[in-house]
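> My structure is below; once you've seen it, I'll send some questions.
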Amino acid sequence: MTTPHPVLARVTDRIAARSADRRAAYLRRTAEARAAGPARGGLGCANLAHGFAACGPGDKLRLRGGETPNIAIVTAYNDMLSAHQPLKDYPDRLKAAITAAGGTAQVAGGVPAMCDGITQGRAGMELSLFSRDVVAMATAVALSHDMFDGALLLGVCDKIVPGLVIGALSFGHLPAVLVPAGPMPSGLPNAEKAAVRKRYAAGEIGRDDLLAAEAKSYHAPGTCTFYGTANSNQLLMEVMGLHLPGASFVPPGTPLRDALTDAAGRRVLELTALGDAYTPIGELLDERAFANAVVALLATGGSTNHTLHLVAMAAAAGLDLTWDDFDELSRVTPLLTRLYPSGTADVNHFHAAGGTAFLIGELIDAGLLHADARTVGGATLADYRATPVLENAGLDGEALGYREAPAETGDKTVLRSAADPFEDHGGLHTVTGNLGRAVVKVSAVAPEHRVVEAPARVFASQEELQDAFAAGELDRDVVAVVRYQGPRANGMPELHRLTPPLSVLQDRGFRVALVTDGRMSGASGSVPAAIHVSPEAAAGGPLARVRDGDVVRLDTGAGELTVRVPDDELAAREPGGGAPGAETFGTGRELFAAFRAAVGPAERGAGIFR
């Protein structure tokens, strides 16, 4: 087996050492929670009767005894989200597979699943990041009945998968398998979609033309095909060992997808304490799993949201993952993909070019993944170098099999080997200076745009910036500072509406950058954007004291984010206006006041849990 790269080994060891006390306490709690036999064996008769009252006669008999594992299904199904609509029939399908394998299963609960694509630029987007922690709590409620020996977690999109994992980690003695749904077919080519958005931002076309293009892009059941947070989730869950091998990007409604779903139901039975391969999620998700996840994110130029989510998930497992770990790994992780918004291809093209099996194999051979990390689908991550296929189709017996991943990529414009990368460093960088610390996604930014030094124009909302752009006030070299967009201020909404106007300015030949304590996720695009600035303006961060005309420098290669103002002068300034008021109402935002008051900084995952 390949020896881990010295930087991967060093970072992983540092995570383990830094986390030693917290991780030990977490594992001790996890071990104490494991019961001898099914957890329901400790329930009183009335409690247990409530637990199986709605089951059929066969399941009631099994649940009375102590030899049958019972699996919780926690689902994020709704039919508004294209990515989650295919999950509708999963519970019945999984129950049938589990029953045939000698177990039982119950839908333990549902979790909310909101769509950032719908709420972009709307008040509801201020609930988006907090929905991750709501999903975590809802998952914990679903698993709290002491009826279950394992869990199947059904979810795909942005905050939902991290929330499911955080919730499941509070029941770390149980095995958990994530069951994905797969991407929709490719629609309007991404280059055409981006061009239409720019034309709309420039006022060259109207809303009808824009809507027509968007409807051709997002057009069917399945995950949106660009490489944003949802598809980053899928890839990371596979590399972390929480999916079956190759499950991430098989399309919905296909025989192979059905076979993988059935296999997940059968496999989780084997992973329970009553099976022969007990693999609790709390032990599986160790420092190796999280180091692997960071490398996979960097190697693919994945969503910047995972600089929040991976930190928060790690904390739920008793591990202290930091942005410094991302930054150090980024220096030695080659960029192996070009996927929209970093390129024009989508995840269907990635899957066809070799997909996760090829990617994992390349990174293992380069020593950049811990091949010995535990997984739900095999003994170790080394088993994930294989691609799922249907065998003996139409005959009785097991139809799901695996074949070795292709030795070469099927499309070098989309997916490359570690020996021939697109770039020799990862797609995410950390920048630091007298404005704080921030994250920059550089995989979509051309080298000539990666250093910008220009006068600041300060805004308190993306709407203010759009108005200034429409009025022609930004036709110059400019660093747009959009502040009071952090988790404490307004829940840290994504600011996708900023991408088209800033891209237009850059296309006009101006030096343009964005600095914000808000989020951009996987859609930061070709304009250099220092996001997640921490500490945020609403928490007293220096971003609150930047003024129009201050010269700001963003150098993604040198890792610099500074304002050319003497430190004593900057510290003496009063914070600028634009901070949201204490009371925020409408679209349910008043219900999240306690979250805004309790949330931690972006650098620590922007979570409400301690």
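> Name the pairs: first residue in segment 46-59 and assigned to a helix (DSSP H, G or I), second residue among the hydrophobic types (A, V, I, L, M, F, W, C) and surrounded by 13 or more Cβ atoms within 10 Å (Cβ to Cβ), Cβ to Cβ under 6 Å, at least 6 apart or on different chains?
Matching pairs, first to second residue: Gly51/Met147; Phe52/Leu63.
> Can you tell me how many residues within segment 88-112 are under 21 Å from the mean Cα position of the chain (by Cα) and either at pLDDT below 95 or under 25 Å from Gly58 (Cα atoms) (or both)? Steps first, answer last, please.
Pass one, segment 88-112, residues under 21 Å from the mean Cα position of the chain (by Cα): 110-112.
Subsequent filtering for residues that are either at pLDDT below 95 or under 25 Å from Gly58 (Cα atoms) (or both) retains 110.
The qualifying residues number 1.
> Another question, if that's okay. Scan segment 248-270 residue by residue and report those that are in a helix (DSSP H, G or I) and touching a helix residue (DSSP H, G or I) at 6+ places or on another chain (Cβ under 9 Å).
Those that are in a helix (DSSP H, G or I) and touching a helix residue (DSSP H, G or I) at 6+ places or on another chain (Cβ under 9 Å): Arg257, Asp258, Thr261, Asp262, Ala263, Ala264, Gly265, Arg266, Val268, Leu269.
> Using the structure shown, decide if Ala572 is in the same structural domain as Asn434 (by TED's automatic domain parsing), more than 23 Å from the chain's Cα centre (by Cα), farther than 24 Å from Val452 by Cα and at pLDDT below 95.
Taking the combined requirement at face value, the residue does not satisfy it.
> Only one of Val504, Val551, Val527, Val479 is more than 22 Å from the chain's Cα centre (by Cα), at pLDDT below 95 and of a type in the set (A, V, I, L, M). Can you tell me which?
From the options Val504, Val551, Val527, Val479, the qualifying one is Val504.
> Identify the single condition in (1) of a type in the set (A, V, I, L, M, F, W, C); (2) touching a Cys at 6+ places or on another chain (Cβ under 9 Å); (3) loosely packed, with under 14 Cβ neighbours inside 10 Å; (4) at pLDDT 95 or above that Ala76 does not satisfy, given that it satisfies every other one.
(3)
> Tell me, which strands (runs of 3 or more DSSP E) wholly within segment 341-439 include 2 or more residues that are under 30 Å from Gly541 (Cα atoms) and touching a residue at least 24 places away in the same chain (Cβ under 8 Å)?
Passing ranges, in order: 428-433.
> Further question on the same structure: When only residues in segment 279-323 that are at pLDDT below 95 and among the small types (Gly, Ala, Ser) count, which is surrounded by the most Cβ atoms within 10 Å (Cβ to Cβ)?
By that ranking, first place goes to Gly302.
> Here is a follow-up. Filter segment 192-247 for residues that are of a type in the set (D, E, K, R) and touching a residue at least 60 places away in the same chain (Cβ under 8 Å); which is farthest from Ala468 (Cα to Cα)?
Looking at residues that are of a type in the set (D, E, K, R) and touching a residue at least 60 places away in the same chain (Cβ under 8 Å), I get Glu238.
> Right, next: What number of residues within segment 324-340 satisfy the criterion of being touching a helix residue (DSSP H, G or I) at 6+ places or on another chain (Cβ under 6 Å), in a loop (DSSP other than H, G, I, E, B) and surrounded by 23 or more Cβ atoms within 10 Å (Cβ to Cβ)?
3
> Out of all the residues in segment 237-247, which are assigned to a loop (DSSP other than H, G, I, E, B) and under 17 Å from Tyr402 (Cα atoms)?
Gly241, His243, Leu244, Pro245, Gly246, Ala247
> Can you tell me which residue in segment 578-610 is nearest to the chain's Cα centre (by Cα), limited to those that are at positive phi and buried (at least 21 other Cβ atoms within 10 Å of the Cβ)?
Gly605
> Another question, if that's okay. Could you check how many residues of segment 444-488 are in contact (Cβ under 8 Å) with a residue 60 or more places away in the chain and part of a loop (DSSP other than H, G, I, E, B)?
Of the residues in segment 444-488, 9 are in contact (Cβ under 8 Å) with a residue 60 or more places away in the chain and part of a loop (DSSP other than H, G, I, E, B).
> Can you confirm whether segment 160-171 contains a residue that is farther than 18 Å from Met313 by Cα and touching a residue at least 24 places away in the same chain (Cβ under 8 Å)?
Checked against the condition, which is being farther than 18 Å from Met313 by Cα and touching a residue at least 24 places away in the same chain (Cβ under 8 Å), segment 160-171 yields no hits at all.
The values are calculated or read from the model by the stated rules, or taken from the named source; none is laboratory data. Quantities reported herein were computed from a predicted structural model and do not represent experimental measurements. Quick reminder, even Gly has a Cβ in these numbers, built from the backbone with ideal geometry, and neighbours come from all protein chains shown.
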